[in-house]
1. Subtract the Cα-Cα distance of ASP82 and SER301 from 0.36 nm times their separation in residues, and report this length gain in nm to one decimal.
2. Can you give the FRET efficiency for ALA336 and ALA135, using 1/(1 + (r/R0)^6), R0 = 56 Å, r = Cβ-Cβ distance, to the nearest 0.05?
3. Once amide H atoms are built 1.01 Å from N in the peptide plane, which residues 5 or more positions from PHE178, or in another chain, come under 5 Å H to H?
4. Can you compute the modelled spin-label distance between VAL479 and ARG27, with each label point 7 Å from Cα toward Cβ, in nm?
5. Place a point 7 Å from the Cα of GLU402 along the Cα-to-Cβ direction; which residues of segment 273-306 have their backbone N under 18 Å from it?
6. On a 22 Å Cα-Cα criterion, which of the cross-link pairs LYS167/LYS252; LYS167/LYS241; LYS260/LYS312 come out too long?
7. First check a/c for segment 262-449, with a ≥ b ≥ c the square roots of the eigenvalues of its C-alpha gyration tensor; if it is under 1.5, answer rounded, and if not, answer prolate when a/b is larger than b/c or oblate otherwise.
8. Quick one: Cα centre-to-centre distance for segment 319-360 and segment 5-24, in angstrom?
Amino acid sequence: MSTANAVQDVQLFIDGQFRPAADGQLRDVIDPATGAVVCRQAWGTVGDVDDAVESAARAFVSPQWSGLTLKQRARLLLRIADAIEEDGAELARLESIDVGKPIIFTQGFDVPQAAEGFRYYAGMVEQIEGAMRQAGTRSFGYTRREPLGVVAAITPFNFPLNLAVNKIAPALAAGNTFVLKPAEQTPLSSLYLADIMSRAGLPAGVFNVVTGDGPTVGARLARHPRVIKLAFTGSTATGKKLIAEAAGTLKKVTAELGGKGANIVFADADLDAVTQWAFQAAFFNTGQFCMSGSRLLVHRSVHDELVSRLTKVIEATSVGDPLDPATMMGPLAHRAQLDRVTGYVALAQAEGATLRAGGNPVDRPGFFHEPTLFTEVTPDMRIAQEEVFGPVLTVTVFDTDEEAVAIANGTPYGLAAGLHTASLTRAHRVAAQLAAGIVWVNTWAMFENSIPFGGYKDSGYGRELGPEGLQEYQQLKSVVVNVE
Ligand code: NAD
């Protein structure tokens, strides 16, 4: 292990303290750029989850948290945002080591976006409002937006920091308390965030982190009767299991699940711009992006030209050490991800797709794979239907707008979609026809905290970000006053 990658063993964060798992178990955390052990993490038990939930339940009614004025709560979230920036270099380093993300992105996107997430919801705290209703001559009524109580979140390995903050910031802004279970492969940024939040003055118990595996820690959170809301981000298969687990308690669930984004290129699109956007859509975060544009649908008249341009860009892209500031593409985040990608590359070839670029793991330690391009992909192939979650882009030809929309909508998923055209009318018409929670026009993955995102169909339900993201963490009370 090089000095640059040195990280101390990490523990659970419960009731404002770091502590070992109840049975003392530890598991390795692996650096995907080398395959070496970076440190060990405490492996939480059901009892640890119960302790964390009890701590959050106590904090929910404590004067230190529930007694804060809205202004004080907002200021606390702003202090957390500042503290994230002050500790941003270490937070970015940990995220790069843990996930394999290039440091240029963790410093330039993940960490600033985390700070801005807290600022955005801090700005909403004093704007939480209900409505006055004139209910008749005998009474009037008003509504209050109240917190839910103890919220739990389960997050995946690909954006550990940001997908946690998308939930923590609105949940705390609404006045809830929180238990987070990060993915077992990538616990480091969540635990460091706990430390940052605590040092910024968040009272003990308001935010807790229990690391460990899904079937033990995650499932206990889903089943726990005192967890009143579960915010899950992960695969559709796990999401379905969790929803079934949670059903016994009637908790509110939001489910941000998998995707198979279609990126449509019409004949009138600007091909220079499309080449850049299509590349980013498919290969950002080594393709481990729920909203990736992994299916490029291209009008026949521009197909050959676009494929030739994309092939050149892909062949000029090299993978590298995530901590090197020049690296634009890192490894897959863990061994199973690399195996998954090589499996899908073999499957695409067996199905008859044409390999145009890449196609192989990279011969170096760690979990690297070349960015890969397939053409002659038909919509029925498994490579065009199933989520690869890696650096694999498929190209499918279409002739009419109707055909493009039918192919785009022809998978079980409905998370993100994109379209590239010079025609304003076509852009709005097709955007309305696409079955996806977010549609990007002449761009891809332009995120704003004010723009909600979430899934249609098998990509889940509920929304993150925007005012809608705050409402997911509130319940509505009506108060009716007798004026007779
Ligand atoms: P995953 O479903 O394997 O795991 C996600 C989380 O669920 C992890 O913390 C895991 O420990 C936990 N988990 C696993 N089994 C569990 C169980 N039985 N009970 C409770 N918890 C359990 O997903 P992943 O491989 O970490 O992430 C990749 C998936 O996440 C992809 O499908 C991707 O599209 C999706 N994703 C969706 C979004 C979105 O916003 N829609 C964002 C990022 C990733």
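Rule-based calculations on the coordinates, nothing more; no lab input. Keep in mind the model is a prediction, meaning the values are calculated, not measured. So basically every Cβ, Gly included, is an ideal-geometry build from the backbone, and we count neighbours across all protein chains shown.
1. Numbers: separation 219, 0.36 × 219 = 78.84 nm, distance 5.06 nm.
Stretched fully, the ASP82-SER301 segment lengthens by 73.8 nm.
2. Values: r = 57 Å, r/R0 = 1.02.
According to the calculation, E is roughly 0.45.
3. Long-range HN contacts for PHE178: VAL151, PHE207, ASN208.
4. 4.7 nm
5. Label zone hits: 299-300.
6. Values: LYS167/LYS252 14 Å; LYS167/LYS241 20 Å; LYS260/LYS312 24 Å.
Violating the 22 Å limit, Cα to Cα: LYS260/LYS312.
7. Values: a/c = 1.67, a/b = 1.50, b/c = 1.11.
Prolate, since a/c reaches 1.5 and a/b exceeds b/c.
8. Cα centroid to Cα centroid, the span is 33 Å.
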